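Taking it in order: structure first as structure tokens, then the write-up.
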């Protein structure tokens, strides 16, 4: 995230997907490692909603890793990070299972 918005690289990637019909309705989660970047976080979610992504709200989390002094190998050993990641993972699993049940029942 950059200057209150989505970075050019991410925006460019999403721009390539806008006209790609198979992207629509795909489950999506947003993990934000910089807790203070709420403007960019909100902007990315709005872009994904506009692109018809199936945004999994319980899996969109801000985990303040940046500036915490914790390296990538140690993130899961810290309860404040691992619990948020576990909750997001559980939300993704529940969302995908519910979608599978809807398809099976249709």
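Where a number appears in this text, it was derived from the coordinates with a stated rule and is not lab data. Predicted model only: the values in this text are computed from it and were never measured. Heads up, the Cβs are rebuilt from the backbone with ideal geometry, glycines too, and the neighbour counts pull from every protein chain shown.
Given the criteria over 18 Å from residue 34 (Cβ atoms) and out of contact with any strand residue (DSSP E or B) (no Cβ under 7 Å at 6 or more places or on another chain), does residue 85 qualify?
No.
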**Study point:** Of all residues making up segment 8-32, the number that are crowded, with 17+ Cβ neighbours inside 10 Å and under 18 Å from residue 66 (Cα atoms)
**Key:** 2
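So that you can scan it fast, the table gives a plain yes or no per residue for (1) more than 14 Å from the chain's Cα centre (by Cα); (2) assigned to a helix (DSSP H, G or I):
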position	(1), (2)
17	yes, yes
34	no, no
84	no, yes
101	yes, yes
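In the set 82, 52, which member is touching a helix residue (DSSP H, G or I) at 6+ places or on another chain (Cβ under 8 Å), closer than 26 Å to residue 102 by Cβ and either surrounded by fewer than 16 Cβ atoms within 10 Å (Cβ to Cβ) or free of Cβ contacts under 8 Å to residues at least 12 places away in the same chain (or both)? Spell out how you get there, then give the answer.
Numbers: 82 fails: closer than 26 Å to residue 102 by Cβ.
So the residue among 82, 52 that is touching a helix residue (DSSP H, G or I) at 6+ places or on another chain (Cβ under 8 Å), closer than 26 Å to residue 102 by Cβ and either surrounded by fewer than 16 Cβ atoms within 10 Å (Cβ to Cβ) or free of Cβ contacts under 8 Å to residues at least 12 places away in the same chain (or both) is 52.
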Study note, to complete from the structure: Only one of (1) loosely packed, with under 14 Cβ neighbours inside 10 Å; (2) in contact (Cβ under 8 Å) with a residue 12 or more places away in the chain does not apply to residue 45, and that is (1)
Review point. Taking segment 40-61 on its own, how many of its residues are closer than 17 Å to residue 22 by Cβ, in contact with a strand residue (DSSP E or B) (Cβ under 6 Å, 6 or more places away or on another chain) and assigned to a helix (DSSP H, G or I)?
Key: 1
Practice item. Please work out if residue 66 is free of Cβ contacts under 8 Å to residues at least 40 places away in the same chain, outside any loop (DSSP other than H, G, I, E, B), surrounded by 12 or more Cβ atoms within 10 Å (Cβ to Cβ) and over 12 Å from the mean Cα position of the chain (by Cα). Key: no
